Amino acid sequence: MINDIKLRSAFAAAILGIMTGVLFTGSASASGDAVKLAKQEWSFKGIFGTFDRGALKRGYQIYAEVCAGCHSLDFVAYRNLQEIGLDEDTVKEIAAEFEVEDGPNDEGEMFMRPARPSDRFVAPFANEKAARASNNGAFPPDLSLMAKARKGGPDYLYGLLIRYHEEAPDGHEIAEGMNYNEVFPGHQIAMAQPLYDETVEYEDGTPATMQQHAKDITTFLTWTASPEMEARKKLGIKVLLFLLVWTGMLIALKKKIWAKLH
Amino acid sequence: MTDQASNETATAEESASRRDFLQIATYTVGAVGAGMAVWPIVDSINPPADVLALASSEIDISAIEVGQSVTVIWRGRPVFVRHRTDGEIEESRAVQLESLPDPEKDEDRTQKPEWLIMVGVCTHLGCIPGGQRETDPKGEFGGWFCPCHGSHYDSSGRIRKGPAPTNLVVPPYEFLDDTTVKIG
Amino acid sequence: MKLVNKVVLPVLDWVDYRLPVFSYARKNLIDFPEPKNLNYWWNFGSLAGIVLMIMIITGFFLAINYTPHTDYAFASVEHLMRDVNYGWLLRFMHANGGSMFFILVYIHMFRGLYYGSYKAPRELLWIIGVAIYLAMMGTAFMGYVLPWGQMSYWGATVITSLFSAVPLIGDTIVTWLWGGFVIDNNTLTRFFVGHYLLPFVILGLVVVHLWALHHHSSNNPLGVEIKTPGDTIPFHPYYTIKDMLGLSVFLIFYLGFVFFAPDFFGEPDNYIEANPLVTPPHIVPEWYFLPFYAILRSIDNKLLGVIAMFAGVCILFALPWMDRCRVRSAKFRPIYRQFFWIFVANCLLLGYIGAQAAVEPFVTIGRISTAYYFAHFLIICPLICKFERPIEPPESISAGVLEAEKGA
């Protein structure tokens, strides 16, 4: 009888768990045009995932050479680049290429000075209106958190970057100045295709295909959105192992203590 | 009968001591886990990464003329950087140590004699002494003078007269090259 | 040992004589007689209490680094995630802890529904519990606004705008709540203060909840009251160790999310800073509000929808009087038991509907589901009582346990 109860309770819990799980995963595809995103292989997926340092460095290069002209990276500081493997002097050089406003000086005036590693990435435009003015009214969003700010995350970013079409397919009208993209909701995106084969030349000799570029920039942007990921997963494994061991001990102790009752 | 009884007590005792061990072990492991969980909480109020990034400042000293003083900010405080004249250096080195409230040789307060770098905060109660500008009162010893309670510092930043107990603090610094000093 | 006997014990006695903290702790935490047949569904109360502690502690250390101003709030959360030592851990524990708190409390409440824990003499215990639930909802609502993401802003706009449905004074109420003509800095600062304060109200309610609980002791799976000391076992060591085991298993579940799927319960849109000029295509509240959101949307009239939503929570207060059947536990109520599971399924369905866009067939399903939700309390529970022939429960807990052992 007792075993039966335990079994039934466990069964009930499992059913509830599965139902809630199904509800959760099924809940968001309410929009009629839900795009099926192809799942990619990422070095950072899974509980043992890490960021491929080569991809991060190449991804940074793409950001600097292709994206930074329009997209800011407001929450990343130049000193953070040391985490992807650039050394202190390189980081100082990179920062010094940009200027930030400082002051006021003793004359009471604001002035420009070269950026330091402790400064955050300098934005390409002074404010949103300036950005829109330079981009036909469209606003290139900040990219620091983009990998977490879109449903599908890295798979979405990758898909978006490689699934542009030259011509909109039949039945899809797109407005003047817009571009057709399979993955972007509504299929019309203001940003022109940013990546082609050999858009950027890689110093480490990796073949510079469009897909490789897309992979690398996506890895980089996943890092900018979740710089704590590797530390988080490492600590998580330690904590979960500890808890598994402790649970085992508690099961044994509980059984021992309750055995007294019978 | 007695054998059975004594066997039973023996196993009861055995299982009691096994349970005690398991009990102690389980509670110890739990306590260790709880202890380890405390560290992230405590560490979270240590200085965060962006504050630590400002822990050192690099200063370009090439524009500071002989006899000129410049004030820079380091870790939120003013730092006096003075390009001393030969006269000031000689004067500082000639002072008798016994006459100093906080005896310290000038040679021990500078890495290069012409560059005096000190935290510009009076060691009495924390005001900023005057003397960086030519027009400021420099006190009776040709250095710096704190207007709050009248502490006089000499041309090596040492306390000579007044309530301040110790000389102006020399922060850790290094010359990266002839024109750049890294403080902190 | 000598030190303990000569120094420590006398000191404890001196204190206890003047303020009986130690004898009180012994009576309520160590010697307290609990039914000996409690199953694991009885773990969830203590788990909820522990999660409340975790939320208060992580919340405190988050608040140290958070800036409650619209210009800085979003950036201060990113500062926590990137620069503050273990800031990401505090943030993910707090965000996921909120979801965990609701999971635990929902299971705790469903346990109450199944085993009749809301029936005499525990009606007030149940009511205090519903009050705790309401306070949790208020806390969670205000807390979600603080990161100042798109969902924070727009979720708050939608829900606070509901009060404009109140006749005559609706718009005045909303302007008063907002402290302005739109949700802005004034709203954020008052929500920060409210979010900091309410958990301590919850704490107070929990103390009263436990006080009420200890007056008649816990219910049990048989629904039969304690008759003799033979029906009980002391809380320590039996339930202390069982609660610790439950805690350990729960922590695996909870920290599994914190470390490996920290954004599972969240919305990607909340990683975009609030923009009053851009409305997200799908405004969704946090998952634990979805059933009530579904109830709200299923009624076309704005005012009636709001009333229905609040009624959905408040009907819980009336439950002890909706179901006065003599037999407590669903174990002995075969008809009620079926309807209980249907009710659970209906709640899950309501939650699912709450997340969908307001189109067919979800709208119609939502309406039926809402009607069923209220029907369960207002019609089904009283009717079952009239027509059900329950199985006769055992004479006592001990008798029930003996029967169970014989059958095993």
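The values are calculated or read from the model by the stated rules, or taken from the named source; none is laboratory data. This is a predicted model, so every value here is computed, not measured. FYI the Cβ positions are ideal-geometry reconstructions off the backbone, even for glycines, and counts take in every protein chain you see. Areas reflect the complete protein model, heavy atoms only, side chains present, ligands, DNA and RNA absent. Shrake-Rupley method; radii C 1.70, N 1.55, O 1.52, S 1.80 Å.
Here is a yes/no grid of residues against (1) under 21 Å from the mean Cα position of the chain (by Cα); (2) within 14 Å of another protein chain (Cβ to nearest Cβ); (3) of a type in the set (D, E, K, R):
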site	(1), (2), (3)
A:Gly177	no, no, no
A:Glu198	no, no, yes
A:Glu228	yes, yes, yes
A:Ala259	no, yes, no
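I'm trying to understand the selection: among the residues of the stretch A:63-90, which are among the aromatic types (Phe, Trp, Tyr) and within 14 Å of chain C (Cβ to nearest Cβ)?
A:Phe75, A:Tyr78
Which of (1) farther than 26 Å from A:Leu240 by Cβ; (2) open to solvent by 50 Å² or more (accessible area, probe 1.4 Å); (3) not in a strand (DSSP E or B) does B:Gly67 not meet, given it meets every other one?
The single condition B:Gly67 does not satisfy is (2).
Considering only the stretch B:110-125, state which residues are open to solvent by less than 40 Å² (accessible area, probe 1.4 Å) and assigned to a loop (DSSP other than H, G, I, E, B).
B:Thr110, B:Gly120, B:Val121, B:Cys122, B:Thr123
Can you tell me which of C:Gly59, C:Gly98, C:Gly112, C:Gly138 is within 18 Å of the chain's Cα centre (by Cα) and surrounded by fewer than 19 Cβ atoms within 10 Å (Cβ to Cβ)?
Matching residue, one of C:Gly59, C:Gly98, C:Gly112, C:Gly138: C:Gly138.
Conditions: (1) crowded, with 19+ Cβ neighbours inside 10 Å; (2) of a type in the set (A, V, I, L, M); (3) at pLDDT below 95. C:Val4 meets all but one. Number of the miss?
(1)
Could we say that B:Glu107 is out of contact with any Phe, Trp or Tyr (no Cβ under 6 Å at 6 or more places or on another chain) and either in contact (Cβ under 8 Å) with a residue 12 or more places away in the chain or open to solvent by less than 20 Å² (accessible area, probe 1.4 Å) (or both) here?
Taking the combined requirement at face value, the residue satisfies it.
Restricting attention to the stretch B:29-48, does a residue exist that is at pLDDT below 90, within 14 Å of chain C (Cβ to nearest Cβ) and either closer than 30 Å to B:Arg160 by Cβ or outside any helix (DSSP H, G or I) (or both)?
No, the stretch B:29-48 contains no residue that is at pLDDT below 90, within 14 Å of chain C (Cβ to nearest Cβ) and either closer than 30 Å to B:Arg160 by Cβ or outside any helix (DSSP H, G or I) (or both).
When you scan the stretch A:56-82, how many residues do you find that are under 16 Å from the mean Cα position of the chain (by Cα), more than 14 Å from A:Ser144 (Cα to Cα) and open to solvent by 10 Å² or more (accessible area, probe 1.4 Å)?
Summing the residues that are under 16 Å from the mean Cα position of the chain (by Cα), more than 14 Å from A:Ser144 (Cα to Cα) and open to solvent by 10 Å² or more (accessible area, probe 1.4 Å) in the stretch A:56-82 gives 2.
Could we say that C:Pro382 is surrounded by fewer than 19 Cβ atoms within 10 Å (Cβ to Cβ), of a type outside the set (Gly, Ala, Ser) and farther than 17 Å from C:Phe110 by Cβ here?
yes
Sort out which residues of the stretch B:128-184 are among the aromatic types (Phe, Trp, Tyr) and assigned to a strand (DSSP E or B), and write them in order of number.
Answer for the stretch B:128-184, where residues must be among the aromatic types (Phe, Trp, Tyr) and assigned to a strand (DSSP E or B): B:Trp144, B:Phe145, B:Tyr153, B:Tyr173, B:Phe175.
Under 9 Å between Cβ atoms, at least 6 apart or on separate chains: pull out the pairs that start in the stretch C:384-408 with a residue that is touching a residue at least 40 places away in the same chain (Cβ under 8 Å) and within 13 Å of another protein chain (Cβ to nearest Cβ) and end on any residue that is in a helix (DSSP H, G or I) and open to solvent by 80 Å² or more (accessible area, probe 1.4 Å).
Cβ pairs passing all conditions: C:Pro394/C:Leu402; C:Pro394/C:Glu403.
Residues checked against (1) facing chain A (nearest Cβ under 10 Å); (2) modelled with pLDDT under 95; (3) outside any helix (DSSP H, G or I); (4) open to solvent by 30 Å² or more (accessible area, probe 1.4 Å):
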{"site": "C:Val206", "(1), (2), (3), (4)": "no, no, no, yes"}
{"site": "C:Ile252", "(1), (2), (3), (4)": "yes, no, no, yes"}
{"site": "C:Val258", "(1), (2), (3), (4)": "yes, no, no, no"}
{"site": "C:Val278", "(1), (2), (3), (4)": "yes, yes, yes, yes"}
{"site": "C:Ala294", "(1), (2), (3), (4)": "no, no, no, no"}
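Among the residues of the stretch A:230-257 satisfying the criterion of being at the interface with chain C (Cβ under 9 Å from one of its Cβ atoms) and touching a residue at least 12 places away in the same chain (Cβ under 8 Å), which is least open to solvent (accessible area, probe 1.4 Å)?
Per the stated criteria, the residue is A:Gly236.
Looking only at the stretch B:25-64, filter to residues that are under 19 Å from the mean Cα position of the chain (by Cα) and hydroxyl-bearing (Ser, Thr, Tyr); which one of those is least open to solvent (accessible area, probe 1.4 Å)?
Top of the filtered list is B:Ser57.
Take the residues of the stretch A:113-123 that are at pLDDT below 95 and not in a loop (DSSP other than H, G, I, E, B): which is least open to solvent (accessible area, probe 1.4 Å)?
Top of the filtered list is A:Arg113.
So C:Val84 ticks every box in (1) of a type in the set (A, V, I, L, M); (2) within 9 Å of chain B (Cβ to nearest Cβ); (3) assigned to a helix (DSSP H, G or I) but one. Which box is left unticked?
(3)
Exactly one condition in (1) surrounded by fewer than 21 Cβ atoms within 10 Å (Cβ to Cβ); (2) closer than 30 Å to C:Ala73 by Cα is not met by C:Trp321; state its number.
Tallying (1) surrounded by fewer than 21 Cβ atoms within 10 Å (Cβ to Cβ); (2) closer than 30 Å to C:Ala73 by Cα, C:Trp321 fails exactly one: (2).
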